[in-house]
Amino acid sequence: MTHKKITDNKSGDTNPGVEMTFLEHLEELRWRIIYSILGVVIGAVICGVFLDFLVDVVLLKPARESGAALQNLKPFGQLFLYMQIAIIGGIIISIPNLFYQLWKFIAPALRKNERKYILSIVIYSSACFLIGIGFAYFIMLPLTMKFAAQFGSSQIENQFAIDEYMSIIISVMLAAGLIFELPMISFFLTKLGILTPAIMRKFRKHSIVVIMIAAALLTPGTDPVSQVILAVPLVLLYEVSILISKLSVKKS
């Protein structure tokens, strides 16, 4: 891709113009990174204000409902845990800004008729990510924690270290958020000419097999019904991605 210099003296936004030099690429990237970090910091401060609510009410809910016992094994374990939650929460809150900065950096390499979709792409990308997090929180995590808390001998009490518990909670939610970006990835790759609806339809059966394996890995040891329940949204996402790819080709 060749970026073009697109500076507007009043707004600083990008417009078609002269090709950007390597140093101008770096300068543009530097400012996008600064804006992204600033958004994360603001989001982390907001999360810091509501940190007790996020931990006690939101993040500990799967453990309470599963009956799992949690314990802190490190002297400053909870302090570092709260800092981590604030930062990750800041990233999640600033997702729209992160996507916006990413697409604004890519914008100079896009055609004029493609750049007008940036705002829509940011909105839909953010929505897909948040829906994925919600799916993980309300469906995947309750199943995972219920299995972990109830598995094993009745003579052995399952107690989990709080840092490992939070690691599972956060990693599963972030992973689900990324997985739910599949439709937007399909749109972008189709616009670049890398992906086509025909290719996606051709490998549909292979994709379903991969999806079932992924569902099994996300729900280790649970019954096949639970695995199917988790696989269904992923299959639907793939079908939606084919539709989006088809519509993208028509608009190209």
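The values are calculated or read from the model by the stated rules, or taken from the named source; none is laboratory data. The model shown is predicted, which means the values in this text are computed figures rather than measured ones. Counting neighbours? That spans all protein chains shown, and the Cβs are built from the backbone with ideal geometry, glycine included.
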Return the total of residues in region 58-117 being modelled with pLDDT under 90, β-branched (Val, Ile, Thr) and either surrounded by fewer than 16 Cβ atoms within 10 Å (Cβ to Cβ) or touching a Cys at 6+ places or on another chain (Cβ under 8 Å) (or both). 0
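Go through region 232-252 residue by residue and tally those that are touching a Ser or Thr at 6+ places or on another chain (Cβ under 7 Å), modelled with pLDDT of 85 or more and of a type outside the set (S, T, N, Q). Can you show your working first?
Going residue by residue through region 232-252, those that are touching a Ser or Thr at 6+ places or on another chain (Cβ under 7 Å) are 238, 241, 244-245, 248-249.
From what's left, modelled with pLDDT of 85 or more: 238, 241, 244-245.
When the remaining residues are screened for being of a type outside the set (S, T, N, Q), the result is 238, 244.
Counting residues in region 232-252 that are touching a Ser or Thr at 6+ places or on another chain (Cβ under 7 Å), modelled with pLDDT of 85 or more and of a type outside the set (S, T, N, Q) gives 2.
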For Phe203, indicate whether it is free of Cβ contacts under 8 Å to residues at least 40 places away in the same chain and not small (Gly, Ala, Ser). yes
Residues within region 185-208 that are modelled with pLDDT of 85 or more, crowded, with 16+ Cβ neighbours inside 10 Å and over 27 Å from Arg111 (Cα atoms), tallied: 0
Only one of these is part of a loop (DSSP other than H, G, I, E, B), within 30 Å of Phe80 (Cα to Cα) and either out of contact with any Leu (no Cβ under 7 Å at 6 or more places or on another chain) or of a type outside the set (Lys, Arg) (or both): Glu164, Glu157. Name it. Glu157
How many residues of region 122-172 are surrounded by 14 or more Cβ atoms within 10 Å (Cβ to Cβ) and in contact (Cβ under 8 Å) with a residue 24 or more places away in the chain? The answer is 35
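Just checking, does region 38-46 include any residue being modelled with pLDDT of 90 or more, surrounded by fewer than 19 Cβ atoms within 10 Å (Cβ to Cβ), assigned to a helix (DSSP H, G or I) and more than 20 Å from the chain's Cα centre (by Cα)? Break it down stepwise before answering.
Step one: filter region 38-46 for residues modelled with pLDDT of 90 or more, giving 38-46.
Okay, now just the ones that are also surrounded by fewer than 19 Cβ atoms within 10 Å (Cβ to Cβ), so 38, 41-42, 45-46.
Filter once more, keeping what is assigned to a helix (DSSP H, G or I): 38, 41-42, 45-46.
Remaining after also requiring more than 20 Å from the chain's Cα centre (by Cα): 45.
Yes; the residues of region 38-46 include at least one that is modelled with pLDDT of 90 or more, surrounded by fewer than 19 Cβ atoms within 10 Å (Cβ to Cβ), assigned to a helix (DSSP H, G or I) and more than 20 Å from the chain's Cα centre (by Cα).
Which residues, taken from region 156-206, are acidic (Asp, Glu) and within 16 Å of the chain's Cα centre (by Cα)?
Just the residues of region 156-206 that are acidic (Asp, Glu), to begin with: 157, 163-164, 181.
Scanning region 156-206 gives a single hit, Glu181.
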